[in-house]
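J.: Pasting in a structure now, in structure tokens, and then I'll have a few things to ask.
The values are calculated or read from the model by the stated rules, or taken from the named source; none is laboratory data. Everything quoted here is computed from the prediction, not taken from an experiment. A quick note on method: Cβ atoms are made from the backbone with ideal geometry, for glycine too, and the neighbour counts reach across all protein chains shown. Surface accessibility is based on the protein's heavy atoms, side chains included, excluding ligands, DNA and RNA. Shrake-Rupley method; radii C 1.70, N 1.55, O 1.52, S 1.80 Å.
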Amino acid sequence: MMKFRLYRYHPESGEQPFMQDVELDLDPAGKMLLDALLAVKAQDETLSLRRSCREGVCGSDAVNVNGKNRLACITPLSELKQPIEVRPLPGLPVIRDLIVDLEPFYKQYRSIKPWLINDDPEPEVERLQSPADRALLDGAYECILCACCTTSCPSFWWNPETFVGPAGLLQAWRFIADSRDEATAARLDNLEDPYRLYRCRGIMNCVDACPKGLNPTAAIGRIKSLLVKRRV
Amino acid sequence: MERYAPHAKDLAGRDVVARAIALEIAEGRGCGPRGDYVELKLDHLGEKTIAEKLPGIRELAIRFAGVDPVKAPIPVAPTAHYMMGGIPTNLHGQVVAPARFGPEEPVPGLYAVGECACVSVHGANRLGGNSLLDLVVFGRAAGRHMQEYLLDNPYPRPLPEHAAEASQARLARWDRPGSERVAAITGDLRRMMQTHAGVFRTDAVLRAGLDKLNQLEDRLAHAGLQDTSRVFNTARIEALELENLIGVARATLVSALNRTESRGAHTREDFPARDDEHWLKHTLYSREGDQVDAKPVRLKPLTVESIRPKERVY
């Protein structure tokens, strides 16, 4: 029997959130946490969670597992200490059970204008890029916006309205670093602010949490050095 | 793959590779204790190429199969992965339907793009890059067409009086209690389609699949939700999705049964040859009475030289 403790919250019940103990007859070999959560849901449909691709690509099943933010679908059950405690991502309003309201996260993501800005006339063919310039995007483009990093960041917990957070800043860097993007100066202006960028204190929870092995702290450091460079 | 596609080998079309794997497994040459997969060897590409060109594949293989393709082969087997049919559209992304003035009349203001749509440029196959064309090219074309359409039609058209009733009835149906569980039916539907609408099909196998689908539909009528919450009710979403999946499964089985030839990913063991004389046409399925019609294939290109359709040889 595998033991789980699941965070349950049902806003219509009028009751406080509580931890529910669940036992499952499940062989953990080769299975992921998502398999277990779906097995629980097959018994009790009222357990609510987001999920889609079940292979670590869509980023919708990020949850807090034994204190760490992870994607349920690529977290092997055999690696987890029991009882496995599963909670919603911290620092965001809980809608129900394991589902949080991601709007504060998306709002910060939108604020960095996550698209290519280039007002040159449209070329006949694609906007080309050298392999070396393309390589600059490695480690930045792979982000799947699962929010594991941003919701593990104490600076974001403290200032979700004003601090862009690691995911948004990593994406800001992704467009600053893109040789095809022409809005670097405006992008840097948009971040030169005691809160939007400089609330990052280099705690590096984001690096520890990222299920794709990315390093938002390093990207934030690169943005900071560009800001210093343009001053001197 | 030398046996199946001597020139293109592993780079042959996905349908060809899927059939080759299915045959190897069926003839007892599969790998593993149950002989139910074959091995995809990539190590000859070298770590650098694999890391640069196939980082996603490598990550998936390590995570789910516990195999690093740099060192060892990846276990693989054919599975369903993409819906090749869809809501018929023209090249502007406008949904088309047979109506008064012809077989492909646009439905005003209704668009479909991506995997739900069928622009009918890919024929009966799913090859690498199909979904990119569907999204990038036709997504853009649809966006442009919508802009133009909105210039001429800036105001919403008045809705018919009872427009919301069908949708409300679909929702209300799930307030009714029932003994069958949605998750159980969904699992059985998945297994049924894998068995009856998989890589190789015959009249008998498809008909047996339709019988089982009818049984699943009977069970669906007796299904009910344990969760009646109005807040983020994913059980209800899954119930509605199951209804949609049953519809898609029916369209797939009926269309496959109707098409008595083999083409692309549709392989009929009882009709192994491609038959351009009778079947160079798209299947158009309507739910009402399981009706199957044909939609013409456009062979006249707009801007480039025409390529005559012919048998594929790899």
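J.: Give me the angle, in degrees from 0 to 90, between the Cα long axis of helix A:216-231 and the longest principal axis of the Cα atoms of chain A, rounded to the nearest 10.
T.: 20 degrees
J.: Choose one of A:Leu136, A:Pro93, A:Val125: the residue whose Cα lies farthest towards the positive end of the charge dipole of region A:84-232 (beta-carbon charges +1 Lys, Arg; -1 Asp, Glu; about the Cα centre).
T.: With unit charges placed on the Cβ atoms, the residue in question is A:Pro93.
J.: Can you tell which of B:Ala294, B:Ala51, B:Ala249 shows the greatest fluctuation in a Gaussian network model of chain B with Cα springs below 10 Å?
T.: B:Ala51
J.: Now for a different question. Provide the per-residue ³J(HN,Hα) series for region A:137-154, in order, calculated from phi with Karplus coefficients 6.51, -1.76, 1.60 and θ = phi - 60°, each as a whole number of Hz, with x at glycine and proline positions.
T.: 8, 4, x, 10, 6, 6, 4, 10, 6, 7, 6, 4, 6, 4, 7, 9, 8, x
J.: Quick one: length gained pulling B:Arg287 to B:Lys300 fully straight, 0.36 nm per residue minus the C-alpha distance?
T.: Separation in residues times 0.36 nm, less the Cα-Cα distance, equals 1.7 nm.
J.: Along the charge dipole of region B:55-138, which of B:Val107, B:Gly128, B:Gly85 sits closest to the positive end, that is, farthest toward it, with unit charges on the beta carbon of Lys, Arg, Asp and Glu (+1, +1, -1, -1)?
T.: The one lying farthest along the dipole's positive direction is B:Gly128.
J.: Would you compute, for the Cα atoms of region A:94-232, the largest minus smallest coordinate along each principal axis and list the three values in descending order, in whole Å?
T.: 51, 36, 24
J.: On to the next question. What is the gain in length, in nm to one decimal, between A:Glu23 and A:Arg201 on full extension, counting 0.36 nm per residue of separation less the C-alpha to C-alpha distance?
T.: 60.0 nm
J.: Given region A:28-112 reduced to its alpha-carbon atoms as identical point scatterers, what log10 I(q)/I(0) does the Debye formula return at q = 0.13, 0.26 Å⁻¹?
T.: Result of the Debye calculation: -0.42, -1.45.
J.: In the Gaussian network model of chain B, springs joining C-alpha atoms below 10 Å, which of B:Ser167, B:Ser179, B:Ser286 carries the largest mean-square fluctuation?
T.: Highest fluctuation among the options: B:Ser167.
J.: Two decimals, Cα atoms only, Kirkwood Rh: what is Rg/Rh over region A:1-67? Mind showing how you got there, number by number?
T.: Values: Rg = 12.8 Å, Rh = 13.3 Å.
Here the Rg-to-Rh quotient is 0.96.
J.: While we're looking at this one, here's another question. Are there GluC sites (Glu not before Pro) in region B:207-314 that DSSP puts in a loop and that have at most 16 other Cβ atoms within 10 Å, and which ones?
T.: B:Glu269, B:Glu305, B:Glu311
J.: Residues of chain B: accessible area per residue at 1.4 Å, in Å²?
T.: On a per-residue basis, 63 Å².
J.: Just the C-alpha atoms of region A:77-130: what Rg/Rh do they give, with Rh taken as the Kirkwood radius?
T.: Reported Rg/Rh, Kirkwood definition of Rh: 1.30.
J.: Okay, next question. Once chain B is represented by equal point scatterers at the alpha-carbon sites, with solvent omitted, what log10 I(q)/I(0) does the Debye formula produce at q = 0.06, 0.08, 0.09, 0.12 Å⁻¹?
T.: Evaluating at q = 0.06, 0.08, 0.09, 0.12 Å⁻¹ gives log10 I(q)/I(0) of -0.27, -0.48, -0.61, -1.09.
J.: Long-range amide H contacts for B:Ala97: which residues qualify at under 5 Å (H placed 1.01 Å from N, peptide plane, sequence gap of 5 or more or a different chain)?
T.: B:Glu105, B:Val107
J.: Anything losing 20 Å² or more of accessible area from the isolated chain to the full protein assembly: pick those residues out of region A:96-141, probe 1.4 Å, ligands and DNA/RNA ignored.
T.: A:Arg96, A:Ile99, A:Glu122
J.: No solvent, one uniform scatterer per C-alpha: report log10 I(q)/I(0) for region B:224-281 via the Debye equation at q = 0.18, 0.23 1/Å, two decimals.
T.: -0.68, -0.89
J.: From the Cα gyration tensor of region B:109-233, with a ≥ b ≥ c the square roots of its eigenvalues, which class applies: rounded if a/c is under 1.5, or else prolate if a/b is larger than b/c, or else oblate?
T.: Oblate is the answer for region B:109-233, as a/c is 1.5 or above yet b/c matches or exceeds a/b.
J.: Chains B and A: what accessible area do they bury, summed, in square angstrom to the nearest 100, with a 1.4 Å probe? Intermediate values should be presented prior to the final figure.
T.: Working: alone 20580 and 12370 Å², together 31240 Å².
For chain B against chain A, roughly 1700 Å² becomes buried.
J.: Using alpha-carbon pairs under 8 Å, 6+ residues apart, how would you state the relative contact order of region A:83-232 in percent?
T.: Worked out over region A:83-232, it gives 26 percent.
J.: Report the Stokes-Einstein translational diffusion coefficient (µm² s⁻¹, integer) for region B:1-94, Rh taken as the Kirkwood radius over Cα pairs, at 20 °C with viscosity 1.002 mPa s.
T.: Once the numbers are plugged in, D ends up at 140 µm²/s.
J.: Kindly report the accessible area of region A:148-209 per residue (heavy atoms of protein chains, probe 1.4 Å, no ligands, DNA or RNA), in Å².
T.: Counting only protein heavy atoms, the per-residue value for region A:148-209 is 41 Å².
J.: Here's another thing I want to ask about it. For chain A, set up a Gaussian network in which alpha carbons nearer than 10 Å are linked by springs, and say which option among A:Ala132, A:Ala62, A:Ala219 fluctuates the most.
T.: Evaluated over chain A, the most mobile residue of the options is A:Ala132.
J.: I've got another one for you. Take the solvent-accessible surface of the protein heavy atoms, probe 1.4 Å, and return the percent of it on chain B that carbon and sulfur atoms account for.
T.: Carbon-and-sulfur percentage of accessible area, whole number: 57.
J.: Kindly list the residues of region B:273-288 that lie in the label zone of B:Ala97, defined by a backbone N under 19 Å from the point 7 Å along the Cα-to-C-beta vector.
T.: B:283-288
J.: Can you tell me the Rg and Dmax of the protein assembly as shown, counting just the alpha carbons, in angstroms?
T.: Here Rg and the maximum Cα pair distance are 26.1, 78 Å.
J.: What does the net charge come to around B:Met193 if you take all other residues with beta carbon closer than 13 Å to its beta carbon, with K and R at +1 and D and E at -1?
T.: Summing Lys/Arg as +1 and Asp/Glu as -1 gives +4.
J.: Lys and Arg at +1, Asp and Glu at -1: add these up for the other residues within a Cβ distance under 12 Å of A:Leu33 and post the number. Could you put the intermediate results ahead of the total?
T.: Values: positive: A:Lys31, A:Arg51, A:Arg54, A:Lys68, A:Arg70; negative: A:Asp35, A:Asp61, A:Glu79, A:Glu85.
Value of the local net charge: +1.
J.: Still on this structure, I have one more. Could you state the orientation-averaged shadow area of the convex hull built on the Cα atoms of region B:67-172, in nm² to one decimal? Walk me through the numbers on the way to the answer.
T.: On the way: hull surface 46.0 nm².
Its Cα hull, projected and averaged over all orientations, spans 11.5 nm².
J.: Which positions within region B:225-263 get 10 Å² or more of their accessible surface covered by the other protein chains, compared to the chain by itself, with a 1.4 angstrom probe?
T.: Checking the loss per residue gives B:Gln226, B:Asp227, B:Ser229, B:Arg230, B:Val231, B:Phe232, B:Thr234, B:Ala235, B:Glu238.
J.: Same structure, new question: Just subtract the alpha-carbon distance of B:Leu159 and B:Lys41 from 0.36 nm times their residue separation and send over the number in nm, one decimal.
T.: Numbers: separation 118, 0.36 × 118 = 42.48 nm, distance 5.74 nm.
The B:Leu159-B:Lys41 span can extend by a further 36.7 nm.
J.: Now for a separate question. Mind listing which trypsin sites (Lys or Arg not before Pro) in region B:1-93 are in a DSSP loop and have 14 or fewer other Cβ atoms within 10 Å?
T.: Here the sparse-neighbourhood loop sites are B:Arg3, B:Arg29, B:Arg34, B:Lys41, B:Lys71.
J.: Taking the Cα atoms of region A:152-200 alone, what are Rg (to one decimal) and Dmax (as a whole number) in Å?
T.: Calculated on Cα positions, Rg and Dmax stand at 11.4, 35 Å.
J.: Along the Cα-to-C-beta direction of B:Thr79, a point sits 7 Å from the Cα; which residues of region A:35-75 have their amide N less than 11 Å from that point?
T.: Of the residues in region A:35-75, A:54-55 have backbone N under 11 Å from the label point off B:Thr79.
J.: Convex hull over the Cα atoms of region B:246-305, averaged projected area in nm²?
T.: Orientation-averaged projected area of the Cα hull: 5.5 nm².
J.: Note down the magnitude of the dipole of chain B about its Cα centre, charges +1 on Lys and Arg C-beta and -1 on Asp and Glu C-beta and zero elsewhere, to the nearest 20 debye.
T.: Dipole size: approximately 380 debye.
J.: Give a residue-ordered list of calculated ³J(HN,Hα) values for region A:7-19 (Karplus: 6.51 cos²θ - 1.76 cosθ + 1.60, θ = phi - 60°; whole Hz; x for Gly, Pro).
T.: My calculation for region A:7-19 gives 6, 10, 8, 10, x, 6, 7, x, 9, 5, x, 8, 9 Hz in order.
J.: For region A:7-153, what is the convex hull (Cα atoms) projected area averaged across all directions, in square nanometres?
T.: Dividing the Cα hull surface by four gives the mean projection, 12.6 nm².
J.: Note down the net charge around B:Arg312, summing +1 for each Lys or Arg and -1 for each Asp or Glu among other residues with Cβ under 11 Å from its Cβ.
T.: On the way: positive: B:Arg263, B:Arg274, B:Lys310; negative: B:Asp15, B:Glu311.
Every neighbour counted, the sum reads +1.
J.: Among all the aspartates and glutamates, which ones have a C-alpha under 20 Å from B:Lys71's C-alpha, if same-chain residues fewer than 8 places away are not counted?
T.: Cα-Cα hits under 20 Å: B:Asp10, B:Glu39, B:Asp43, B:Glu47, B:Glu52, B:Glu59.
J.: Let me ask something else. Please go through region B:176-271 and write out the trypsin sites (Lys or Arg not before Pro) that DSSP classes as loop and that have at most 16 other C-beta atoms within 10 Å.
T.: For trypsin sites (Lys or Arg not before Pro) across region B:176-271 that sit outside H, G, I, E and B with at most 16 neighbouring Cβ atoms in 10 Å, the list reads B:Arg230.
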